[in-house]
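The values are calculated or read from the model by the stated rules, or taken from the named source; none is laboratory data. Treat the numbers as computed from the prediction; the structure is a model and nothing was measured. When we count neighbours, we look across all protein chains shown, and the Cβ atoms used for this are built from the backbone with ideal geometry, even at glycine. In case anyone asks, the SASA skips ligands and DNA or RNA and just uses the protein heavy atoms, side chains included. Shrake-Rupley method; radii C 1.70, N 1.55, O 1.52, S 1.80 Å.
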Amino acid sequence: MEGFLRRVTADLDRLPQLTVHHAEFRHYGSGYASYVAVFLTRRDGSAQRSEKGWTHVEGLLLALCRLAPLAVLLKPGTRSSGPDGAGSYDLPELSQVADADIPGWESECRQINQVLARHDITLLRSEVLGQPLDAHLRIETVLGDPPYRVFDAWFHWMD
């Protein structure tokens, strides 16, 4: 699965309008992530700015599931990096799922969808991801709290 997701990530990095700014294959350095987080930004650099030694990059987080050929695209967010390796970024959460082409990112969303389709990966929407799971199920994750949803089953992380 890892090799497959690396090929998908490389394909995403060849998109005409987007580049992979960061792909997290290492489970955030600890624990276990059921997905690979791929942060994409505009290839032309227009979504990047620097301020007081910090670099802020706006982009889209695409979570590629390690458990099945599924993915979720999240609304635009910012990834920041600063001196001595300091930084900040958002983790995936159900409330941030993008259900349609994102305003200002329509063309880029279509390109992402084309890559996913080429690799037979289904992009899930909040209608499916928001469905409740059986109340007795327990998911080891720090990304969500009970009652768990389908999102929590496919996209979870435990430190």
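Flag set for LEU67, criterion: closer than 16 Å to HIS119 by Cα, surrounded by fewer than 15 Cβ atoms within 10 Å (Cβ to Cβ) and touching a residue at least 40 places away in the same chain (Cβ under 8 Å).
Number of residues in the stretch 97-125 that are more than 25 Å from PHE4 (Cβ to Cβ) and either within 17 Å of the chain's Cα centre (by Cα) or charged (D, E, K, R) (or both): the value is 6.
Scanning the stretch 1-27 for residues that are farther than 14 Å from CYS65 by Cβ and in a helix (DSSP H, G or I) yields GLY3, ARG6, ARG7, ALA10, ASP11, LEU12.
To keep it simple, each residue is scored yes or no on (1) of a type in the set (A, V, I, L, M, F, W, C); (2) open to solvent by 20 Å² or more (accessible area, probe 1.4 Å); (3) over 19 Å from GLY130 (Cα atoms).
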position	(1), (2), (3)
LYS52	no, yes, yes
THR55	no, yes, yes
ALA86	yes, yes, yes
VAL97	yes, no, no
ASN113	no, yes, yes
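Among residues of the stretch 7-50 being without any contact (Cβ under 8 Å) to a residue 24 or more places away in the chain and over 18 Å from GLN111 (Cβ atoms), the one that is most open to solvent (accessible area, probe 1.4 Å) is ARG26.
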